[in-house]
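Right, one structure below, let's go through it.
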Amino acid sequence: MNRLLRISFDTLLTSVTPILGWFLLGILVDKNLINIFSLIYPMQFVISAIKSIFGTGANISAIRDKNKESIFSGVVLGSVFGMIILGIIVLNMDKYIAFMNMDIETYKTFAMYGLIQMFLQLLLNLSLCKLYYENDNKRANKYSFCFNLINFSSLIIMSIITKEQIVIASISIIITTIFTIVMMTRLVQKTKLKINLINCIKYDSVYLFAEISMFIIYLFGFKNSFNFGEKYILATSFATLITDTQWDISSAIKTVAQIDIAKRLFSYKEHMKNSRKLIYLLIISTFIMGLILYPSYKVDITATLLIVGIELISLYMYPTYITKLTCIQLEYSAIKATISKQIANILRVCCSFIPSPFCTSIGLAISVIYQLVSTQCIIQKNKLNLEISQKNL
């Protein structure tokens, strides 16, 4: 449980810092800036997809393929891919904002800042991934805390000093970039470029394709929801603000399972016990965040409760199917696990085009039900043993 909480702590910082930043920017600079969180929300899944291959996949490859060079190679290639993809979006920011049915002049400067910030967070996550697989969680916590403190404090201090958006964004980015470069030079040991991309994709294929699907789901789902007017824009933004951090933190459940299975030190019962404790804390925190943020939003109660309710029920069920899916991928068949997950994602993508402001919530509910059933069927049909340790070999 201690390790799960340490990894969750890093995710908490990376997730909650932008939320607090946008919230305070809305107070200090322009009340509309808080909507940037929803505007660039789909792009976080692009970052997660890159991390899946060049972070998680590369580190598992270092252990299973005995290729230590894959860690440095993953950081380098992940950084390049991130810079190219996000760079293209930044250069076409006007078109992106217009596509999402939002005002270009109001959101352009800080939308660009948000994407550059995402790139720096990618560099942080690629570096921290190495520490997780080395069980150096305390050091990972230290770097994560410093990164987010510097990023957050520089943004808010500059917002107090000046209201010029370009000045605020530029200085914050420069300061955070300097820290990120220093951090990476200390964490990532330079080696020759050698990486098995096929294996890196295979080891985390389920989550790679899931992140790509999530990008499509939220890009078109949010665009669809926003077409129904301000009432649903506010409800969706509010629900996302109070549940997104919880979903990000819950990914630690998958990370710990992957590490333990790769090292053959995995106990399903113990893992589920610890995961449930974490989920209970996350659900409680959602209610607390809702009570704190509600006075600033004053959203429609009915619409918001429906969206948040589906999110929390799905979050409660998450450890059950994600742990089983991770076991299936790493111990039985990566292909079957990926296909199972992709069917769930396709269901969500299809639901994103339903002409309803609740299209993304409907898709989430259907996806969760399918994953609970499909993972259990695969395990029962193939009589898989979920207690994976050296003594059981």
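Quick notes on this one:
- Surface composition of the chain: carbon plus sulfur atoms hold 67% of the accessible area, using a 1.4 angstrom probe and ignoring ligands, DNA and RNA.
- For LYS95, the aspartates and glutamates whose Cα falls under 17 Å of its own Cα, not counting residues fewer than eight places away in the same chain, are ASP103, GLU105.
- Shape of segment 72-194, Cα gyration tensor, a/c cut at 1.5: oblate
- Near-label residues of segment 90-128 by backbone N, under 19 Å of a point 7 Å along Cα→Cβ of VAL80: 119-120, 122-124, 126-127
- Rounded FRET efficiency, nearest 0.05, which uses the C-beta distance separating ASN382 from ARG264 and R0 of 22 Å: 0.70
- Tensor-based shape of segment 237-393 (alpha-carbon gyration tensor, a/c under 1.5 rounded, otherwise prolate or oblate): oblate
- Here the label points at LEU306 and PHE287, each 7 Å from Cα along the C-beta direction, are separated by 2.3 nm in the simple model.
- Projecting the Cα atoms of ILE284, TYR318, LEU305 onto the charge dipole of segment 227-353, computed from C-beta unit charges around the Cα centre, puts TYR318 farthest toward the positive end.
- Listed by chain and number, the lysines whose C-alpha is less than 30 Å from the C-alpha of LYS298, apart from same-chain residues fewer than 8 away, are LYS31, LYS108, LYS163, LYS223, LYS231.
- Global form of the chain, assessed from the alpha-carbon gyration tensor, a/c cut-off 1.5: oblate
- Annotation: amide H-H contacts under 5 Å for PHE266 (H modelled 1.01 Å from N, sequence separation of 5 or more, or interchain): ILE388, SER389.
- Mean Kyte hydropathy of -0.5 or more with a Cα span along the axis of at least 24 Å, helices from DSSP in the chain: 2-28, 69-91, 104-133, 137-161, 165-187, 205-226, 230-262, 268-297, 301-331, 334-351, 359-382
- For segment 175-261, the solvent-accessible area with a 1.4 angstrom probe is 40 square angstrom per residue.
- Accessible area of ILE253 (1.4 Å probe, protein heavy atoms only, ligands and nucleic acids ignored): about 0 Å².
- Cα centre as origin, Lys/Arg/Asp/Glu Cβ charges: the chain dipole, Debye: 1440 debye
The values are calculated or read from the model by the stated rules, or taken from the named source; none is laboratory data. Worth saying up front: this structure is predicted, and the values here are computed from it rather than measured. Virtual Cβ from ideal backbone geometry, glycine too; neighbours counted across all protein chains shown. Calculation scope for accessible area: heavy atoms of the full protein, side chains included, ligands and nucleic acids excluded. Shrake-Rupley method; radii C 1.70, N 1.55, O 1.52, S 1.80 Å.
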